[in-house]
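Peer 1: Here it is, the structure in full.
The values are calculated or read from the model by the stated rules, or taken from the named source; none is laboratory data. Being a predicted model, the structure only gives us computed values, none of them experimental. Heads up, the Cβs are rebuilt from the backbone with ideal geometry, glycines too, and the neighbour counts pull from every protein chain shown.
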Amino acid sequence: MGGLEEGLRRAARLIEESSYLVAFTGAGISAESGIPTFRGAGGLWKKYRPEDLATPEAFARNPRLVWSWYKWRMNIVFSAKPNPAHRLLAVLEERGVLKAVITQNVDNLHRAAGSKRVIELHGSIRRVRCIACGFKEELREPPSEDLPKCPSCGSLLRPDVVWFGEPLPGEALEEAFREASRCDVMLVVGTSGVVEPAASIPVYAKAGGAALINVNPEPNAYTGIADVELRMKAVEFALKISRLLGIEV
Ligand code: NAD
Ligand code: ZN
């Protein structure tokens with residue numbers, strides 16, 4: 001039936017004919033840059049569930065354990081490079097087709113690829129903030145201490161990311177929903193679609209009349225509502241669709 005090829009052609013047509021394209025991305029778009037997704041992470045940390053580490057309770061109980069997990073993840077993120085899927089979105093923005101990237105990722109790879117309008121819903125793993133005062137700092141490398149302390153007040157520093165059970169940054173969330181209501185096509189790449197409230201954004205876009213393109217090697221939360229379902233990895237998608245669109249990534 002040529003399902004995938006036909007799906008790619010339909011996706012290319014939707015992108016070309018869109019007047020307001022918005023992307024919504026998750027950990028899967030960075031998987032081929034070497035950053036493990038939450039569902040399916042391996043190695044040393046296999047015995048822990050991210051839901052048991054990325055929480056304020058875990059940090060209060062055992063900040064050393066949480067910091068050592070984050071330092072492991074920071075090391076990976078700091079040496080990771082954007083892949084063709086990140087670059088595709090940057091090129092589409094440069095051409096005026098893509099208006100914004102809404103991301104659940106904390107790895108900064110969209111900006112590293114050249115995307116300008118990036119709405120970060122879950123913060124950044126390249127930044128720390130003090131748990132007591134307003135101190136924030138961009139990092140150039142993972143902290144060397146086991147328990148990094150605030151240079152201004154001496155309290156513990158934490159990664160400036162949103163943990164399970166914490167509210168999302170209000171402004172970013174509002175902006176994301178505004179973009180979702182404006183877009184006529186939403187390109188969803190590499191998310192399971194189970195972490196709320198971010199997961200509702202494509203559903204909201206769809207309810208507002210947008211067409212959804214869903215790129216994921218596995219079925220996910222949007223499989224039933226997507227207009228085009230592309231069961232493939234992000235990089236393969238980027239390489240194939242860019243050829244159809246006549247652009248280089
Ligand atoms: P998730 O781990 O729940 O799901 C990852 C999804 O990506 C899955 O649906 C999987 O099938 C898909 N996937 C795996 N490899 C892929 C590939 N090569 N191409 C395309 N898709 C692929 O991730 P999520 O939906 O982003 O939600 C989990 C939370 O984890 C997010 O809120 C985010 O903050 C955090 N997180 C971020 C990073 C990052 O910044 N890179 C990494 C891990 C987790
Ligand atoms: Zn402080």
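Peer 1: Out of ARG64, ARG49, ARG13, report the one residue that is surrounded by fewer than 21 Cβ atoms within 10 Å (Cβ to Cβ), over 13 Å from the mean Cα position of the chain (by Cα), modelled with pLDDT under 95 and of a type in the set (D, E, K, R).
Peer 2: Criteria check complete, one pass: ARG49.
Peer 1: Identify, please: which residue in the range 91-112 is within 13 Å of ligand 1 (Cβ to nearest atom) and more than 17 Å from ALA172 (Cα to Cα) and is, among those, surrounded by the fewest Cβ atoms within 10 Å (Cβ to Cβ)?
Peer 2: For the range 91-112, the residue satisfying everything is ALA112.
Peer 1: What residue, of PRO167, PRO197, is within 12 Å of ligand 1 (Cβ to nearest atom) and part of a loop (DSSP other than H, G, I, E, B)?
Peer 2: It is PRO197.
Peer 1: A follow-up question, please. When the range 113-150 is examined, which residues are found to be among the polar types (S, T, N, Q) and under 23 Å from SER30 (Cβ atoms)?
Peer 2: SER115, SER124, listed by residue number.
Peer 1: Report every pair of residues separated by at least 6 positions or lying on different chains whose Cβ atoms are under 9 Å apart, first residue within the range 153-168 and away from ligand 2 (no atom under 11 Å from the Cβ), second among the β-branched types (Val, Ile, Thr) and part of a strand (DSSP E or B).
Peer 2: From residues that are away from ligand 2 (no atom under 11 Å from the Cβ), the pairs are PRO159/ILE125; PRO159/VAL128; ASP160/ILE125; ASP160/VAL128; VAL161/ILE125.
Peer 1: Within the range 131-138, is there a residue that is at pLDDT below 95, of a type outside the set (Val, Ile, Thr), surrounded by fewer than 16 Cβ atoms within 10 Å (Cβ to Cβ) and within 16 Å of ligand 2 (Cβ to nearest atom)?
Peer 2: Yes, that holds for at least one residue.
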